[in-house]
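Enquirer: Below: one structure in structure tokens.
The values are calculated or read from the model by the stated rules, or taken from the named source; none is laboratory data. As the structure is a computational prediction, the values presented were derived from the model and not from experiment. No Cβ is skipped: glycine too gets one built from the backbone with ideal geometry, and neighbour counts run over all protein chains shown. To get the accessible areas, we keep the full protein, side chains included, count just its heavy atoms, and leave off ligands, DNA and RNA. Shrake-Rupley method; radii C 1.70, N 1.55, O 1.52, S 1.80 Å.
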Amino acid sequence: KLLGREQLSVKFHTMENEIIDSITQTAQQAGVLGVVAADKNGLCLGAAGNATKAACGAITSLSKRAQALAALHGGGSEHVSVCVESEAGNIFVKAHDQVTVAVYRAVQ
Amino acid sequence: MVEITYATFLERVIHSIPGVSAVVVSDRDGGILVKAYSNAFNTDNVDTSLGATFAVASEQAGKLGLGKNKSIINFHRDKIIVYINLHPIFISFICSSDTNCGSFTSIVPDLQRGLDGLSKAISKEDDN
């Protein structure tokens, strides 16, 4: 017991709490099968649901290629998103600053 | 089926991942078994210390209580060096600083298959 009361559960603040919470919340939304986030080197920051950590390299590479393509065509490379459509579902990839996020959604 | 040399196989690996300048396959003592470089790479700094240092570091990392060490990624000022432990052989990738490190995870099975013959030959030498 702590100070006469029931012991409280304490959540220690660690550096990855915010991103893990964001990934978890996004993965819980309706229609979302999985979420994965990668850093600028293609290394996994966090994953939830059906999204696999092994996809981080490909996701980062896709995003970088899309940004390069957009820059080639004269558009800005900051607000570029990629949508991968397949029979099993869609994957939406977006990079912001140095983090790339991919959201796996079921086909509606 | 077309047979290719290990050096040719490593050259294909270099071309498959943007940013990779050199690939060196070494044994646990650092002895270079096979190597492949891109055209612009300066080979002066590549010697047996590259593989030997990683082999020791990988062995020590395997004692941290998390099981056998699989890979180590070193971020330097201008380069990234990715080491992959496929005991009894060790593979070192020398890459540019903007290389996609996540893509190395997906090529490990291909590396194992492609270098399987070399790995078995080294194992036989170690047994003898």
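Enquirer: Taking amide hydrogens as modeled 1.01 Å from N in the peptide plane, which residues meet the under 5 Å criterion relative to B:Ser21, leaving out close sequence neighbours?
Expert: Amide H to amide H, under 5 Å and 5 or more residues apart or across chains, B:Ser21 pairs with B:Ile94, B:Cys95, B:Ser96.
Enquirer: Quick check for you: with a 1.4 Å probe and neighbouring chains kept, what is the accessible area per residue of the range B:24-85, in Å²?
Expert: Values: 3880 Å² over 62 residues.
Heavy-atom SASA per residue in the range B:24-85 reads 63 Å².
Enquirer: Computed over the Cα atoms, what is the radius of gyration of chain A divided by 2.2 N^0.38 Å, N being its residue count? The partial results should precede the final answer.
Expert: Numbers: Rg = 17.5 Å, N = 108, 2.2 N^0.38 = 13.0 Å.
Normalised by 2.2 N^0.38 Å, the Cα Rg of chain A equals 1.34.
Enquirer: Once neighbouring chains are kept in place and the probe is 1.4 Å, which whole percent of the accessible area of the range B:28-114 is contributed by carbon and sulfur?
Expert: Numbers: 2430 of 4920 Å².
Carbon and sulfur together cover 49 percent of it.
Enquirer: Determine how many Å³ per residue the convex hull of the Cα atoms of chain B encloses.
Expert: Numbers: hull volume 15.5 nm³, N = 128.
For chain B, the hull spanned by Cα atoms encloses 121 Å³ per residue.
Enquirer: Also, quick follow-up: As a test of the definition: which semi-axes, in Å, follow for the protein assembly as shown when you take the square root of five times each eigenvalue of its alpha carbon gyration tensor? Largest first, please. Intermediate results must be reported in sequence, preceding the final value.
Expert: On the way: eigenvalues 264, 137, 61 Å².
Semi-axes from the Cα gyration tensor: 36, 26, 17 Å.
Enquirer: Please report the projected area of the range B:28-94's Cα convex hull averaged over all directions, in nm².
Expert: Numbers: hull surface 19.3 nm².
Approximately 4.8 nm², given one-decimal rounding.
Enquirer: Which peptide among B:30-43, B:58-71 comes first, and what is the full order, when sorted by highest mean count of other Cβ atoms within 10 Å?
Expert: Working: B:30-43: 14.3, B:58-71: 12.7.
Highest mean packing first, the order is B:30-43, B:58-71.
Enquirer: Another question about this same structure. Along the Cα→Cβ direction, 7 angstrom out, place labels at A:Glu87 and B:Asn39. What is the inter-label distance in nm?
Expert: In this crude spin-label approximation the distance works out to 4.3 nm.
Enquirer: Related question: Please find the FRET efficiency linking A:Asn17 to B:Arg113, where r is the Cβ-Cβ separation and R0 is fixed at 41 Å, and quote it to the nearest 0.05. Each step should come with its number before you reach the end.
Expert: On the way: r = 40 Å, r/R0 = 0.97.
About 0.55, to the nearest 0.05.
Enquirer: Also, quick follow-up: In sequence order, what are the phi-derived ³J(HN,Hα) couplings for the range A:17-23 according to the Karplus relation 6.51 cos²θ - 1.76 cosθ + 1.60 with θ = phi - 60°, rounded to whole Hz, with x for glycine and proline?
Expert: Result, ordered by residue: 4, 5, 6, 5, 4, 4, 5 Hz.
Enquirer: I need the phi-derived Karplus couplings for the range A:66-74: 6.51 cos²θ - 1.76 cosθ + 1.60, θ = phi - 60°, integer Hz, Gly and Pro marked x.
Expert: 5, 5, 5, 5, 5, 5, 4, 8, x
Enquirer: Please report how many Lys pairs in chain A have alpha carbons closer than 16 angstrom, counting only residues at least 8 apart along the chain or sitting on separate chains. Write down the numbers at each step before the final one.
Expert: Details: A:Lys40/A:Lys53; A:Lys40/A:Lys64; A:Lys40/A:Lys94; A:Lys64/A:Lys94.
Taking chain A as the scope, the lysine pair count is 4.
Enquirer: Further, regarding this structure: I'd like the interface area for chains B and A: accessible area of each alone minus the complex, both sides summed, 1.4 Å probe, protein heavy atoms only. What is it in Å² to the nearest 100? Kindly include the intermediate steps, with their values, before the conclusion.
Expert: Values: alone 7780 and 7830 Å², together 15000 Å².
Result for this pair: about 600 Å² buried.
Enquirer: I need the per residue convex hull volume for the range B:8-59, using only the alpha carbons, in cubic angstrom as a whole number. Working shown, then result.
Expert: Values: hull volume 4.5 nm³, N = 52.
In the range B:8-59, the Cα hull volume divided by residue count equals 87 Å³.
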